[in-house]
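**Q** My questions will all concern the structure given below.
The values are calculated or read from the model by the stated rules, or taken from the named source; none is laboratory data. No experiment lies behind these values; they were computed from the predicted model shown. In this analysis, Cβ positions are derived from the backbone assuming ideal geometry, glycine residues included, and neighbour counts consider all displayed protein chains.
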Amino acid sequence: MNIKNTVLFYMMLACLVSHSGANAMAASSTEWIRTDQSSLRLISEREGVAGRDSLRIGLQIKLAPGWKTYWRTPGDAGIPPNFDWSGSENLKDASVSWPLPESFETYGLTSWGYQDEVVFPVEVSLKEAGEPLELKLRLQLGICEKVCIPYEHDFTFFLDVGTPDISPEASIIDKYAKHVPSVIGSSATAFNGVRATALNGEDFKVTVSNSTLFKAPQIIVEGKEGAYFQLMSTSISEDRKAANFTLKADLPAKTDILPGQGITVTISDEGRAAEGKLHVK
């Protein structure tokens, strides 16, 4: 763990708070799990699984004013959500998507997450198409203001055969799915290229090209466990079709070197977002 992340332990309350929630048969959502800081439930885009080998569900979180929760990489401090689907019946796979997060400054530290409300879309595939699906989710996450409260919630979500009709909750999932970054270079984004170049033993530059004009580009860089990346500067080319980000790397082992490091970059600009995996040259 990076030294800056240890601040989390001084902000965190001592106890883990646990709750559980379930749904009635043939319902397209679970009951809400409510705390003073948040309300959570699972929702489905379909009324049932008839004739389907996959469908999309969502974890919906509503947060009390001033409270926030975190992205998959929380930044300098925070607790990322952890999804454990063990014990589910007829579940082949569950893939969580992450809407683009906001940045927060707390005690001089930068973290990435969400306030007010977020829905994490989850693509689930069935072992046996068209057969009832029972999802068991143990969710661990932090809900934070000036302190962080680590929560553990257990959900049971039963989706019967029913009909494959679109549910009332489908539009909620769609709203947040639109904020999930696309893939750099795909037709869904104007960002058409990215490269990373080492400048010295600690610093490197990420250059992103764009088919339209950059306005206010932002970047998040992720690496292997224990790696930390600090943004030092941002510049835009004269024609505004390239953005350059200079970052400082704090790698977990003294033997680690920048060239060859695998990273994931998430780029956003004026409501557009895309991400890509690459290696530092």
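**Q** When only residues in region 60-77 that are of a type outside the set (D, E) and in a loop (DSSP other than H, G, I, E, B) count, which is surrounded by the most Cβ atoms within 10 Å (Cβ to Cβ)? Working first, answer last.
**A** Applying the first criterion (of a type outside the set (D, E)) to region 60-77 yields 60-75, 77.
Cutting the leftovers down to in a loop (DSSP other than H, G, I, E, B) gives us 64-67, 77.
Values: A64: 15, P65: 8, G66: 10, W67: 19, A77: 25.
Residue satisfying both the conditions and the ranking: A77.
**Q** A follow-up question, please. Given the conditions (1) at positive phi; (2) touching a Leu at 6+ places or on another chain (Cβ under 6 Å), report the number of the one that G226 does not fulfil.
**A** (2)
**Q** For region 107-125, enumerate the residues that are hydroxyl-bearing (S, T, Y) and either touching a residue at least 60 places away in the same chain (Cβ under 8 Å) or buried (at least 18 other Cβ atoms within 10 Å of the Cβ) (or both).
**A** Y107, S111, Y114, S125
**Q** Just a yes or no: is a residue in region 215-232 at pLDDT 95 or above and among the hydroxyl-bearing types (S, T, Y)?
**A** Within region 215-232, none of the residues are at pLDDT 95 or above and among the hydroxyl-bearing types (S, T, Y).
**Q** Run down A274, A249, A216 and say which single residue is within 23 Å of the chain's Cα centre (by Cα), surrounded by fewer than 18 Cβ atoms within 10 Å (Cβ to Cβ), small (G, A, S) and under 25 Å from F104 (Cβ atoms).
**A** A216
**Q** Counting only residues that are over 27 Å from S103 (Cβ atoms) and of a type in the set (V, I, T), which one in region 44-80 is modelled with the highest pLDDT?
**A** I57
**Q** Select from region 103-129 the residues that are at pLDDT 95 or above and among the acidic types (D, E) and write down the one among them that is farthest from S268 (Cα to Cα).
**A** Checked region 103-129; the qualifying residue farthest from S268 (Cα to Cα) is E128.
**Q** A further question follows. Yes or no: D84 touching an Asp or Glu at 6+ places or on another chain (Cβ under 9 Å), outside the structural domain of K248 (by TED's automatic domain parsing) and surrounded by fewer than 17 Cβ atoms within 10 Å (Cβ to Cβ)?
**A** no
**Q** Of all residues in region 97-113, which are in a strand (DSSP E or B) and either polar (S, T, N, Q) or under 13 Å from T69 (Cα atoms) (or both)? Break it down stepwise before answering.
**A** First, the residues of region 97-113 that are in a strand (DSSP E or B): 102-106, 109-113.
Of everything in region 97-113, those that are in a strand (DSSP E or B) and either polar (S, T, N, Q) or under 13 Å from T69 (Cα atoms) (or both) turn out to be E102, S103, F104, T106, T110, S111, W112, G113.
**Q** Right, here's the next one. In region 231-263, which residues are assigned to a strand (DSSP E or B) and touching a residue at least 40 places away in the same chain (Cβ under 8 Å)? It would help to see each step written out before you state the result.
**A** We begin by selecting, within region 231-263, every residue assigned to a strand (DSSP E or B); these are 231-236, 242-250, 262-263.
F245, T246, L247, K248, A249, D250, I263 - these are the residues of region 231-263 that are assigned to a strand (DSSP E or B) and touching a residue at least 40 places away in the same chain (Cβ under 8 Å).
Conditions (1) outside the structural domain of E102 (by TED's automatic domain parsing); (2) of a type in the set (K, R); (3) touching a helix residue (DSSP H, G or I) at 6+ places or on another chain (Cβ under 8 Å); (4) surrounded by fewer than 21 Cβ atoms within 10 Å (Cβ to Cβ), marked per residue:
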site: I143; (1), (2), (3), (4): no, no, no, no
site: V147; (1), (2), (3), (4): no, no, yes, yes
site: P150; (1), (2), (3), (4): no, no, no, yes
site: F155; (1), (2), (3), (4): no, no, no, no
site: F158; (1), (2), (3), (4): no, no, no, yes
site: T163; (1), (2), (3), (4): no, no, no, yes
site: I166; (1), (2), (3), (4): no, no, no, yes
site: A170; (1), (2), (3), (4): no, no, no, yes
site: I173; (1), (2), (3), (4): no, no, no, no
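**Q** Only one residue in S103, S182, S187, S111 is under 30 Å from P259 (Cβ atoms) and out of contact with any Asp or Glu (no Cβ under 9 Å at 6 or more places or on another chain), so which one is that?
**A** S103
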